[in-house]
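Here is the structure we will look at.
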Amino acid sequence: MGFNPSPRFALSAALLLALAPFAAGCGAPQPKFALRVVVDRDKDLEDHKFACRDGKPAAKVDDPCAPESYESSFAWDAADNTVFRPVAKFFAVDPGGEAKNVNAFDETPDSSWFTARISAKGMTPDEVANGPCLGGPELDPEDADGSWVIDHGKDNGANPGFRVKHKGTKYMMKADDAQVERASAATAIAARFYFAAGWFAPCDSIVYFRKSVLKLTPGLEIKANVGPSKKLDQKALDDILEKTSKRGDLFRMAASRWLPGKPLGPFRYESVRDDDPNDVIPHQDRRDLRGARVMAAWLNHFDSREQNSMDTWMQSEKDPESGHVQHWYIDLGDSFGSEWSEDGFSRRHGHSYLLDFEAIGADFITFGIPKRPWDEAQRTDGAENFGYYSARDFAPEDWKGEYPNPTFSRATEHDDAWATRIIARFTEAHVAAAVWAGKLTSDFQTQWLTRILMERRRLILHRYFAKLSPLTDPKVNDHELCVTDLARSTATYDASAFAYTADVRPIDGAAVSVPVEARGEGAVCLQLPASDIAASVPPSDRSRYRIVRIYNHASRGPLVVHAYDLGAPDGVRVVGLERPFH
Amino acid sequence: MMHRPAPRLSPPPGFGAGFMGGLVGAALDLTGQQRIVSLSVNAELTDRLQGDIPFVEQVTLGGDVLMRGFLRGRLVDRSALVATLEYAWPIWVYLDGVRSNQKRGSGIEVLVAAGTDPIDEGTHISSFRFSIGTHHGL
C-alpha cells in the first residue's frame, strides 16, 4: 500500500522544510550585546521645539511657551496613594518588572532626571561640599542693609519662610523650628548628597544674617497647606525670625537659590508628562526614580512625595522656542529626624507609613508582642534636635516614606543595588564635607551626624551587596580585565569573606577557569585567554564573543561581563554587564 | 461609644435602699512600651431598706459600663461581682497608643465576656458574649 499524503500534510511538510534553516539558526546562541557604544546619555537632555498653545504669541526669552504647569493636591495625593491606589491596584495584573532606562552596563544613561557624578568621574570632598552651589551666586551676610528684598512669602511647607531677591537672583529663605538648626541643616546637607549622587537638587545653603539686611515689600501673603492665606507683614516676619535658630545677633536660615528655568510644578511618580515629547519612559519604570528610595532611606527623607519635587522648563539659549524639561528634588528639610507634634508619628518616620494598614493589622493580630522600631526609638543625648534619626533599627529594605510612593513601590533588587553602588562612592571624607555644609554650631553634632550617616551607609551596603554583585567599573588593558569590588573597597564585609573565582567562555564553548588577582582599593583583575581568531573575521562575529563570570563569594551573584575579543591591536572591548542572582 | 445615662423612673412611695460598690484593680506595663495588662474586681450591691427595689434602681451591667458587650438592661439584679482582665496594646498612633500629651487615643476593643447566675443560684455561666467595638478617650 503506497503512501498517499493529503494536500494539508504536503503543505505542512513543505513549510517545515522551508523553515528548517531558520530553526537551526535560532538554536545557536547569539550574542546578548552587540558590538556598539554603550548609551550613556539620554536624548531627553536635547532641546525640542514647543508649540505655543491657545494662539499665544511666539516664545519670548522672559516668558517662554512651555509645557503646562501641574499643581499637586496636598490632600489628594496622600489619600490617593494611601487608600485609593492600593485598592485599585489590588486586583490589577500589573507586575513591576525591571526598570526601562538601563543601559548595557546596568547603569542609567545621563538624563534630565539623573546625571552620574560621584560614580562616574569621582568627586573631591570640596566638590561635594560645594555641590549644586558651585559657580553660582550666593547670599553674602555682609551685604548692605536692606539689600535682601523680601518679595514673596513661602507658600506651603512645614517650615515658614519668605523669598528674597538680591542682585537679580531669588532665594527662598527657610526658617528652623523647635528642632534647633536641624531643618536648615537638613536641606543644605541632603541637597549635597542628592546632587553628588546625580540627581538635580537646588543650591541650599546656610546663611547667618543681620535683621537689617532684610527689606520687606508691603502687601505680601503666605499660602498655607490648608486654611486661608496669611499676611506677611512686619509682625509675621518678626515671628519667623523669632522662631528660627540664632547665633548671637545673627539669624540662621537656609537660603535656597531659585531654580533655573520656568517652574512647571512637581513631577509625578507615575506615567509620563503628556506634553513633553522627551518624557517617554513611565516614571514608575525609571531606575533613577526607583533607586531614589535607597537615597531617601539613607537620609530618612520620609517626605519624599511628589510635592517635594519640581519640573522646570529649561529654555534653549539659542532658540527661545526650544527647550527641555528638567526634574528636581527640592525641600529636603525633613531629613535627619524631623519631628511632628504627635510623637507617635515622629517615632514611626522611616519605619511605617503615616497610615500603614499592614503594620496596624500585624500589630493587631500579634497582640503587640513583636517589638517595633518605633517602640524603642530614642533621641541621642546632645543631638536631641535631630529627633529619632539614628542607625538603630535601620533596615534599608523595610524603609518607608510618609505614604506609599508608586515608583518606590516598584523598585527591584537591581534598582536598589544600583543606588547602593552610588552610595558606596561616598567616603567618610565626602560625608563629612556634606555635613559641614550644614554649619551646625555644635562640633559634637557635626561628628555625630557624620557617624550616623556612615553607619546607615554601611547597613545599606551590607544589605544590597549581599545578593547582586558589587563588582563594577570594568577596565581593559589589552587582555587584562579589571573591575572594582565596591564591597571590598568599602570594607562592607570582613576581609576573609572575599575569595575570587572567574571563568571565561566563548559564546558556544565550554567555560575555562582563569586565575583572579585581588589588588588594592578593591581592584580585581584577570587575564583573558588570547584567541587565535584570524584578523579577517569581522569584529562583531560571534566567534569573538566572550562571557566572563566573576564571583567575589561575599555576594551571592556574579558579575557577568560580555565582551568581544577584537585581537591585536584593539584587544578586548566590554559591551555589556549583567548582575544575575546566581 | 457615647455614655448616655439611662432614664430613671421615680421610685415608688415607701421605697428605701442603700447602694454600695467598690473596685480593686492593678495594672502592669509588661514591656514599658504600653503593653498593659490589668486585672480589676468590681462589686456593686443594692441593699433593700424598705419596700421592694424597682429594677431601675438595681445594679445594671452591660452597655458602656461594666460588662461592655452585653446589651444594657439585660443583666439586672440586686448585686453584681465583675472581674475584668484587660490587655491593651498600641496598634497605631491614635489607636490605644498613649499620645505625647499623655491622653489616651481611640481604641479597638475585642471583648470576651461570660455572665453567671447569681451566687445563690449556683453561678453557672448563663451567657457568653464576643464583641468588637471602638472607644475614644479613657
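The values are calculated or read from the model by the stated rules, or taken from the named source; none is laboratory data. Since we're looking at a predicted model, the values are computed, not measured. Quick reminder, even Gly has a Cβ in these numbers, built from the backbone with ideal geometry, and neighbours come from all protein chains shown. Surface accessibility is based on the protein's heavy atoms, side chains included, excluding ligands, DNA and RNA. Shrake-Rupley method; radii C 1.70, N 1.55, O 1.52, S 1.80 Å.
Residues in the stretch B:80-115 that are open to solvent by less than 70 Å² (accessible area, probe 1.4 Å), at pLDDT 80 or above and away from every other protein chain (no Cβ under 12 Å): 7 in all. Among residues belonging to the stretch A:314-351 that are buried (at least 23 other Cβ atoms within 10 Å of the Cβ) and without any contact (Cβ under 8 Å) to a residue 60 or more places away in the chain, point out the one that is farthest from A:THR115 (Cα to Cα). Among residues in the stretch A:314-351 that are buried (at least 23 other Cβ atoms within 10 Å of the Cβ) and without any contact (Cβ under 8 Å) to a residue 60 or more places away in the chain, the one farthest from A:THR115 (Cα to Cα) is A:ARG347. Does A:LYS371 satisfy the condition of being under 24 Å from B:LEU95 (Cα atoms) and modelled with pLDDT of 95 or more? So A:LYS371 fails the test. A single entry from A:ARG421, A:ARG425 fulfils the requirement of being touching a Ser or Thr at 6+ places or on another chain (Cβ under 9 Å), away from chain B (no Cβ under 14 Å), open to solvent by 30 Å² or more (accessible area, probe 1.4 Å) and under 30 Å from A:LYS100 (Cβ atoms): A:ARG425. Among the candidates B:LEU30, B:LEU61, the residue that is within 14 Å of chain A (Cβ to nearest Cβ) and either surrounded by 15 or more Cβ atoms within 10 Å (Cβ to Cβ) or more than 24 Å from B:ILE125 (Cα to Cα) (or both) is uniquely B:LEU30. If you go through the stretch A:474-519 and keep only what is open to solvent by 20 Å² or more (accessible area, probe 1.4 Å), under 22 Å from A:LEU461 (Cβ atoms) and touching a helix residue (DSSP H, G or I) at 6+ places or on another chain (Cβ under 9 Å), you end up with A:THR484, A:ARG488, A:SER489, A:THR490, A:ALA491, A:TYR493, A:ALA495, A:ALA497, A:PHE498, A:ALA518. Among the residues of the stretch A:340-351, the one identified as in contact with a Lys or Arg (Cβ under 7 Å, 6 or more places away or on another chain), more than 19 Å from B:THR31 (Cα to Cα) and facing another protein chain (nearest Cβ under 8 Å) is A:GLU342. Scoring A:GLU397 on the criteria (1) more than 12 Å from every other protein chain (Cβ to nearest Cβ); (2) part of a helix (DSSP H, G or I); (3) without any contact (Cβ under 8 Å) to a residue 24 or more places away in the chain leaves a single failure, condition (3). Total residues in the stretch A:352-393 satisfying the condition of being more than 12 Å from chain B (Cβ to nearest Cβ) and open to solvent by less than 60 Å² (accessible area, probe 1.4 Å): the figure is 10. Over 23 Å from A:ARG348 (Cβ atoms), within 14 Å of chain A (Cβ to nearest Cβ) and either open to solvent by less than 80 Å² (accessible area, probe 1.4 Å) or at pLDDT 85 or above (or both) - does that describe any residue in the stretch B:65-78? No, the conditions are met nowhere in the stretch B:65-78. Looking across the stretch A:472-503, the residues that are touching a strand residue (DSSP E or B) at 6+ places or on another chain (Cβ under 9 Å), among the aliphatic types (A, V, I, L, M) and more than 25 Å from A:TRP399 (Cβ to Cβ) come down to A:VAL476, A:LEU481, A:VAL483, A:ALA499, A:ALA502.
Residues in the stretch A:317-347 that are assigned to a loop (DSSP other than H, G, I, E, B) and within 27 Å of the chain's Cα centre (by Cα): 11 in all.
Criterion first (of a type in the set (D, E, K, R), touching a residue at least 60 places away in the same chain (Cβ under 8 Å) and either farther than 22 Å from A:ALA104 by Cβ or surrounded by fewer than 22 Cβ atoms within 10 Å (Cβ to Cβ) (or both)) does A:ARG573 satisfy it? Yes: the conditions hold for A:ARG573.
None of A:GLY361, A:GLY350 is under 28 Å from the mean Cα position of the chain (by Cα) and either modelled with pLDDT under 95 or under 26 Å from A:PHE444 (Cα atoms) (or both) except A:GLY350.
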